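Chemist: Pasting in a structure now, in structure tokens, and then I'll have a few things to ask.
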Amino acid sequence: MTDLETPRPTAPSRLKDALDAADLVAPASRYPCLGRVLPAVAGAIGVQGVPDADLAQKTLGLPDASRVCVVLVDGLGHGNLAERAGHAPFLRQRLAGSAPLTSTFPSTTATAMGTFGVALPPGRTGMLGYTVRDPASGQLGNLVSWTGLPPAREWQRETTVFERLVAAGTSVTSIGPVRFSGSGLTEAALRGPTYKAAESLASRVDATIEALRRPGVAYLYWGDVDKAGHRHGWGSWQWGDALAELDAELGRLARALPRDTVLVITADHGMVDVDRSLRWDVATDPVLGDGVELVAGEPRALHLHLRAGVDPGVVARRWREVLGDAAVVATRTEAVDDSWFGDVSAHVLPVIGDVVVAMTGRATVVDSRTQTPASLDLVGVHGSLTALEMLVPCLVVA
């Protein structure tokens, strides 16, 4: 069993029963993990030295090839795509008969990208949410903007798959916006490739086609589907338009790729639209705020760091009483034992909250003391364990 396979307890688990009752998806419990993608790519091009490459290649069904193009679409959940597939004829044709992958917990960009890029679970990468508590300073840090945190290579210590590919002599090109070149998140999760900056989707497709004129791997990131979902909701016409633009350019990419190229299209997470009537604020709710020193994570997946001497079990029970069936609440020990974060390294353990909260349905818990007004106004959100958030596509075009 590898680190990307989530071991399930052999004895009955209160958390497992709670997840099942809420129809939530534990990481890697139903489908392979997103972290299988890059090892599968290594297997497809015959690179040695990437753990589980052959197994991952077989699991995802990638054929052998001299070139592989990986496209990661931020926020394109498997269920979201299936529901709005009328906007995406190219993707719709490949969605039928494909099996999804599972994202991470939390199902959020920083966490999922860590597992995607390193092929290890969040408990090993330390990429545990949109925001995290730095154990050294006790302060809140942001893993997307990489503010309030140590240098990326100190925080995320594991070797990336791209580093392994480059060390093996493979040509690897990463294509994305200029602001991501050398950013903290890029250095943490995706360090290793030659970075090619391109802003529009069309220009990124062109750069990808150029990179694959020679054998190797090209990785293309696109974030506008996620942006549309956050601002307008994934059921909006704006999200549909973003999906249609993506679909047209991916079709052009597929037609222009050289022979003997495999195209893999996936995502980091999906999305749900919030129900504002099911929102709690730790800053104004005295019961939820009692004993809580710092709230990390995001409104769909929270890490509660408690004041010294406060019993996590007491706080967890209190949150369960307040939130009812709107959340599954666990102590750190319960969540780790139930493998929500996979195998956990000793230095990562204190990054996990004393209490961990996974929201159900369309509910959220915010903290208006630390969140910006813009973040509180988001329509589409993610981070928890619903199928819409957790299941992502894995479309292989060969």
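The values are calculated or read from the model by the stated rules, or taken from the named source; none is laboratory data. Remember, it's a predicted structure, so these values are computed and weren't measured experimentally. Positions of Cβ are backbone-derived with ideal geometry, glycine not excepted, and every protein chain shown enters the neighbour counts.
Let's see how each residue does on (1) touching a Gly at 6+ places or on another chain (Cβ under 6 Å); (2) over 26 Å from Ser375 (Cα atoms); (3) surrounded by 23 or more Cβ atoms within 10 Å (Cβ to Cβ); (4) among the aliphatic types (A, V, I, L, M):
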{"residue": "Pro121", "(1), (2), (3), (4)": "yes, yes, yes, no"}
{"residue": "Gly129", "(1), (2), (3), (4)": "yes, no, yes, no"}
{"residue": "Pro151", "(1), (2), (3), (4)": "no, no, no, no"}
{"residue": "Arg157", "(1), (2), (3), (4)": "no, yes, no, no"}
{"residue": "Thr160", "(1), (2), (3), (4)": "yes, yes, yes, no"}
{"residue": "Pro177", "(1), (2), (3), (4)": "no, no, no, no"}
{"residue": "Pro193", "(1), (2), (3), (4)": "no, yes, yes, no"}
{"residue": "Ala198", "(1), (2), (3), (4)": "no, yes, no, yes"}
{"residue": "Asp206", "(1), (2), (3), (4)": "no, yes, no, no"}
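Chemist: Answer yes or no: is there a residue in segment 98-105 that is aromatic (Phe, Trp, Tyr), more than 26 Å from Arg252 (Cα to Cα), out of contact with any Cys (no Cβ under 6 Å at 6 or more places or on another chain) and surrounded by fewer than 24 Cβ atoms within 10 Å (Cβ to Cβ).
Modeler: Pass one, segment 98-105, residues aromatic (Phe, Trp, Tyr): 105.
Retained after the next criterion (residues that are more than 26 Å from Arg252 (Cα to Cα)): 105.
So of that shortlist, the ones also out of contact with any Cys (no Cβ under 6 Å at 6 or more places or on another chain) come out as 105.
If we keep only those that are surrounded by fewer than 24 Cβ atoms within 10 Å (Cβ to Cβ) too, we end up with none.
No, segment 98-105 has no match at all.
Chemist: Turning to a different aspect of this structure: What are the pairs with Cβ atoms under 6 angstrom where one residue, in segment 181-194, is assigned by TED's automatic domain parsing to the domain that holds Val217 and more than 14 Å from Leu149 (Cβ to Cβ) and the other, located anywhere, is at pLDDT 95 or above and part of a loop (DSSP other than H, G, I, E, B)? Sequence gap at least six, or different chains.
Modeler: Arg191/Thr160; Gly192/Thr160
Chemist: Here's something else I'd like to know. Under 17 Å from Phe341 (Cα atoms) and either outside any helix (DSSP H, G or I) or in contact (Cβ under 8 Å) with a residue 24 or more places away in the chain (or both) - does that describe any residue in segment 165-178?
Modeler: Kept after step one, since they are under 17 Å from Phe341 (Cα atoms), are these residues of segment 165-178: none.
Taking every residue of segment 165-178 in turn, none turns out to be under 17 Å from Phe341 (Cα atoms) and either outside any helix (DSSP H, G or I) or in contact (Cβ under 8 Å) with a residue 24 or more places away in the chain (or both).
Chemist: Taking Leu378 as the residue in question, decide whether it is in contact (Cβ under 8 Å) with a residue 24 or more places away in the chain, assigned to a loop (DSSP other than H, G, I, E, B), closer than 30 Å to Arg92 by Cα and hydrophobic (A, V, I, L, M, F, W, C). Give the steps one after another, and end with the answer.
Modeler: Numbers: in contact (Cβ under 8 Å) with a residue 24 or more places away in the chain: yes; assigned to a loop (DSSP other than H, G, I, E, B): yes; closer than 30 Å to Arg92 by Cα: yes; hydrophobic (A, V, I, L, M, F, W, C): yes.
For Leu378, the condition - in contact (Cβ under 8 Å) with a residue 24 or more places away in the chain, assigned to a loop (DSSP other than H, G, I, E, B), closer than 30 Å to Arg92 by Cα and hydrophobic (A, V, I, L, M, F, W, C) - is met.
Chemist: On to the next question. Any idea which of Ala308, Ala254, Ala296, Ala267 is over 26 Å from Ser384 (Cα atoms), of a type outside the set (Asp, Glu) and surrounded by 16 or more Cβ atoms within 10 Å (Cβ to Cβ)? Working first, answer last.
Modeler: Values: Ala308 fails: surrounded by 16 or more Cβ atoms within 10 Å (Cβ to Cβ); Ala296 fails: over 26 Å from Ser384 (Cα atoms); Ala267 fails: over 26 Å from Ser384 (Cα atoms).
Just a single option satisfies the conditions, and that option is Ala254.
Chemist: Exactly one condition in (1) without any contact (Cβ under 8 Å) to a residue 60 or more places away in the chain; (2) surrounded by fewer than 21 Cβ atoms within 10 Å (Cβ to Cβ); (3) of a type in the set (S, T, N, Q) is false for Gln57; which is it?
Modeler: Going through the list (1) without any contact (Cβ under 8 Å) to a residue 60 or more places away in the chain; (2) surrounded by fewer than 21 Cβ atoms within 10 Å (Cβ to Cβ); (3) of a type in the set (S, T, N, Q), Gln57 breaks only (2).
Chemist: Just to confirm my filter: which strands (runs of 3 or more DSSP E) fall fully inside segment 182-297 and include at least 1 residues that are among the small types (Gly, Ala, Ser)?
Modeler: Working: elements: 194-197, 216-222, 261-267, 279-281.
Because the criterion is at least 1 residues that are among the small types (Gly, Ala, Ser), the strands (runs of 3 or more DSSP E) in segment 182-297 that meet it are 194-197, 216-222, 261-267.
Chemist: Which helices (runs of 4 or more DSSP H) does segment 64-143 wholly contain that include 2 or more residues that are more than 11 Å from the chain's Cα centre (by Cα) and at pLDDT below 95? Spell out how you get there, then give the answer.
Modeler: Values: elements: 78-83, 89-95, 109-118, 122-125.
In segment 64-143, there are no helices (runs of 4 or more DSSP H) which contain 2 or more residues that are more than 11 Å from the chain's Cα centre (by Cα) and at pLDDT below 95.
Chemist: Can I ask one more? Quick check on Ser345: is it in contact (Cβ under 8 Å) with a residue 40 or more places away in the chain, within 21 Å of Asp268 (Cβ to Cβ) and assigned by TED's automatic domain parsing to the domain that holds Arg307? Show your work before the answer.
Modeler: Working: in contact (Cβ under 8 Å) with a residue 40 or more places away in the chain: yes; within 21 Å of Asp268 (Cβ to Cβ): no; assigned by TED's automatic domain parsing to the domain that holds Arg307: yes.
Here the answer is no, as Ser345 does not meet what is asked.
Chemist: Are any residues in segment 17-41 surrounded by 16 or more Cβ atoms within 10 Å (Cβ to Cβ) and either free of Cβ contacts under 8 Å to residues at least 60 places away in the same chain or outside any loop (DSSP other than H, G, I, E, B) (or both), and if so, which ones? Please lay out each step first, then the result.
Modeler: Just the residues of segment 17-41 that are surrounded by 16 or more Cβ atoms within 10 Å (Cβ to Cβ), to begin with: 18-19, 22, 24-29, 31-41.
Listed by number, the residues that qualify are Ala18, Leu19, Leu24, Cys33, Leu34, Gly35, Arg36, Val37, Leu38, Pro39, Ala40, Val41.
Chemist: Continuing with this model, one more query. Output the number of residues of segment 382-398 satisfying the condition of being of a type in the set (A, V, I, L, M), within 12 Å of the chain's Cα centre (by Cα) and within 16 Å of Ala358 (Cα to Cα).
Modeler: 3
Chemist: Output the qualifying pairs, or none if there are none: Cβ atoms under 6 angstrom, residues six or more apart or on different chains, first residue in segment 349-369 and among the hydrophobic types (A, V, I, L, M, F, W, C), second residue in a helix (DSSP H, G or I).
Modeler: Ile352/Arg332; Val355/Pro312; Val355/Val315; Val355/Ala316; Val356/Ala335; Ala363/Leu278; Ala363/Ala326; Val366/Leu376
Chemist: Any idea how many residues of segment 23-45 are more than 17 Å from the chain's Cα centre (by Cα) and either on the phi > 0 side of the Ramachandran plot or not assigned by TED's automatic domain parsing to the domain that holds Ala218 (or both)? Don't jump to the end; show me each part of the working.
Modeler: Of all residues in segment 23-45, those more than 17 Å from the chain's Cα centre (by Cα) come to 23, 40-45.
Next cut, either on the phi > 0 side of the Ramachandran plot or not assigned by TED's automatic domain parsing to the domain that holds Ala218 (or both) only: 23.
Counting residues in segment 23-45 that are more than 17 Å from the chain's Cα centre (by Cα) and either on the phi > 0 side of the Ramachandran plot or not assigned by TED's automatic domain parsing to the domain that holds Ala218 (or both) gives 1.
Chemist: To continue, here is another question. Return yes or no: is Lys227 of a type outside the set (Asp, Glu), surrounded by fewer than 23 Cβ atoms within 10 Å (Cβ to Cβ) and within 23 Å of Thr104 (Cβ to Cβ)? If you could, list the steps in order and put the result at the bottom.
Modeler: Numbers: of a type outside the set (Asp, Glu): yes; surrounded by fewer than 23 Cβ atoms within 10 Å (Cβ to Cβ): yes; within 23 Å of Thr104 (Cβ to Cβ): yes.
Considered against the rule, which asks whether it is of a type outside the set (Asp, Glu), surrounded by fewer than 23 Cβ atoms within 10 Å (Cβ to Cβ) and within 23 Å of Thr104 (Cβ to Cβ), Lys227 comes out as yes.
Chemist: Can you tell me which residue in segment 337-370 is nearest to Thr147 (Cα to Cα), limited to those that are surrounded by fewer than 16 Cβ atoms within 10 Å (Cβ to Cβ) and touching a strand residue (DSSP E or B) at 6+ places or on another chain (Cβ under 7 Å)?
Modeler: Across segment 337-370, the extreme among qualifying residues is Thr370.
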